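First up is the structure itself, then whatever we jot down about it.
The values are calculated or read from the model by the stated rules, or taken from the named source; none is laboratory data. Model, not experiment: these values are computed from the prediction. Reconstructed Cβ throughout: ideal geometry from the backbone, glycine too, with neighbour counts over all protein chains shown. Surface areas here come from the heavy atoms of the whole protein model, side chains and all, with no ligands, DNA or RNA. Shrake-Rupley method; radii C 1.70, N 1.55, O 1.52, S 1.80 Å.
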Amino acid sequence: MSAEKRAFTLIELLVVISIIALLVGILLPALGAARAVAIRTKCLSNVKQIQIGTIAYAVDNDGKLPYRPPTSNYLPQRMHVSGKFDLQENFIEPYFGVKRDDIMFCPGPLGEVRNPDTPGYNYDNVNYQYLNINLPTGGSAYTWLNGEFVTQEIESNSSLPVWGDMSIFLAANGTYFAHDSPQATETPSGANFARMDGSGQWFTWEGLEVYLRTNSSKNDYHRPIIEPKPNP
């Protein structure tokens, strides 16, 4: 005679469901944190590849890097040389080794709100900023903060950050436009930046400083803190 089949009691079923819910509650934050780290790593890889391509361009052009003109109609990711802009004339793209749209966008929240598939997207807009600014002598629409930063010579300080995540505080509406806080009021956790020597690093927001401010909208652009040069 076969043994009688025994079903779960309601209490046993509730205990199993409670255990599963507890495990899900424990594991989900860990999975979320792991996903955030993976996004940062992929984003950092993009920034480093862009920076290496920029250096390769300089090697082929007498050691001269392109520069970013600080005028109101030149966006922070634009690079300028001989009257051409990278996102219009593609003079820098061949050095990246991949298509522009495959490297110029962060795989995280920043890229989710601004990418070529976004309604009303402007082809000039990407997710990274170019920091090599050539300041005009006659003034500009930007206020320069925190000292000198001109790296047009490839032999310049290898520790200087040259490319990085777009890291902006928008004063008009009190929001941030950065790696993990696109158009959000919460302070971002940080940003990726690549140095002159091609190395890269994740910086917490506390490790960044305002280096540029628009006179009209008062938007603040951030970069890693750079120690002032010692007096000679």
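On the stretch given as segment 85-100, residues that are of a type outside the set (A, V, I, L, M), open to solvent by less than 60 Å² (accessible area, probe 1.4 Å), more than 17 Å from Asn122 (Cβ to Cβ) and out of contact with any helix residue (DSSP H, G or I) (no Cβ under 6 Å at 6 or more places or on another chain) total 1. Scanning segment 173-228 for residues that are β-branched (Val, Ile, Thr), open to solvent by 40 Å² or more (accessible area, probe 1.4 Å) and either modelled with pLDDT of 95 or more or in a strand (DSSP E or B) (or both) gives a single hit, Thr204. Only residues that are in contact (Cβ under 8 Å) with a residue 12 or more places away in the chain and either farther than 23 Å from Ala38 by Cα or not aliphatic (A, V, I, L, M) (or both) were counted in segment 161-189, giving 19.
Out of Phe8, Phe91, one residue alone is at pLDDT below 75, more than 30 Å from Ser181 (Cα to Cα) and of a type in the set (Phe, Trp, Tyr). It is Phe8.
Cβ-Cβ contacts under 8 Å between residues 6 or more apart (or on different chains), taken from a first residue in segment 48-66 that is surrounded by 14 or more Cβ atoms within 10 Å (Cβ to Cβ) to a second residue that is assigned to a strand (DSSP E or B) and of a type in the set (Lys, Arg), are listed as Gln51/Arg195; Ala58/Lys64.
I need every pair where a residue in segment 117-134 that is over 17 Å from Pro161 (Cβ atoms) and assigned to a loop (DSSP other than H, G, I, E, B) has its Cβ under 8 Å from the Cβ of a residue that is of a type in the set (A, V, I, L, M, F, W, C) and open to solvent by 50 Å² or more (accessible area, probe 1.4 Å), sequence separation at least 6 or different chains. What qualifies is Asp124/Leu75; Asn125/Leu75.
Checking each residue in segment 67-108 for being small (Gly, Ala, Ser) and touching a residue at least 40 places away in the same chain (Cβ under 8 Å) picks out Ser72, Gly97, Gly108.
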